[in-house]
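For reference, the structure discussed in these notes is given below.
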Amino acid sequence: MTKQDILNELEKVGHPAINYSLIKLGIVNDVELNDNKVSVVFAFPFPNIPIADALVNSIARPVKSMGLNFDYKIRIMTEEEKGRFLQLETEAWKG
């Protein structure tokens, strides 16, 4: 199992309200594979996102189904990242 294998799987995980993957939106910001553990950094546009747990779990599920351990950290997007996220959100909002 390589980091690219994991990224290929995670690229399929979409946002529930925006028609893009969490990776494309920049929410899944960094993915590292060390031994049998995948560490993910989530970048959210704002603090206290109501669906934060759902987004984390939507990434944890495929990682765990690959037989890997899952670990994560959360941070807030930079202004530049947030601007890109909001632009993509506007383009692909499912409404």
*In the stretch 12-38, which residues are part of a loop (DSSP other than H, G, I, E, B), farther than 17 Å from Phe85 by Cβ and within 13 Å of the chain's Cα centre (by Cα)?*
Lys12
_Search result, residues across the stretch 39-72 that are farther than 23 Å from Gln87 by Cα and among the polar types (S, T, N, Q)_ = Ser39, Asn57, Ser65, Asn69
_Need the failing condition index for Phe46 against (1) out of contact with any Gly (no Cβ under 8 Å at 6 or more places or on another chain); (2) under 16 Å from Ile74 (Cβ atoms); (3) crowded, with 17+ Cβ neighbours inside 10 Å, just the number._
(3)
*Given the conditions (1) touching a residue at least 24 places away in the same chain (Cβ under 8 Å); (2) touching a strand residue (DSSP E or B) at 6+ places or on another chain (Cβ under 9 Å); (3) more than 24 Å from Thr78 (Cβ to Cβ), report the number of the one that Glu9 does not fulfil.*
(2)
*When both residues are 6+ apart or on different chains and their Cβ atoms are under 6 Å apart, which pairs have a first residue that lies in the stretch 53-82 and is more than 13 Å from Val28 (Cα to Cα), and a second that is surrounded by 12 or more Cβ atoms within 10 Å (Cβ to Cβ) and basic (Lys, Arg)?*
Asn69/Lys37; Phe70/Lys64
_Filter result for the condition that a residue is within 12 Å of the chain's Cα centre (by Cα), surrounded by 12 or more Cβ atoms within 10 Å (Cβ to Cβ) and not in a helix (DSSP H, G or I), over Val41, Val56_ = Val41
*Report yes if Asn8 is loosely packed, with under 11 Cβ neighbours inside 10 Å and at pLDDT 95 or above, otherwise no.*
yes
*Can Val13 be described as at pLDDT 95 or above, more than 20 Å from Lys94 (Cα to Cα) and of a type in the set (A, V, I, L, M, F, W, C)?*
no
*Tally time: how many residues in the stretch 77-91 are surrounded by 13 or more Cβ atoms within 10 Å (Cβ to Cβ) and touching a strand residue (DSSP E or B) at 6+ places or on another chain (Cβ under 9 Å)?*
6
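The values are calculated or read from the model by the stated rules, or taken from the named source; none is laboratory data. All figures in this text were calculated on a predicted structure; none of them were measured in a lab. Neighbour counts are summed over all protein chains in view; Cβ atoms, including those assigned to glycine, are modelled from backbone coordinates with ideal geometry.
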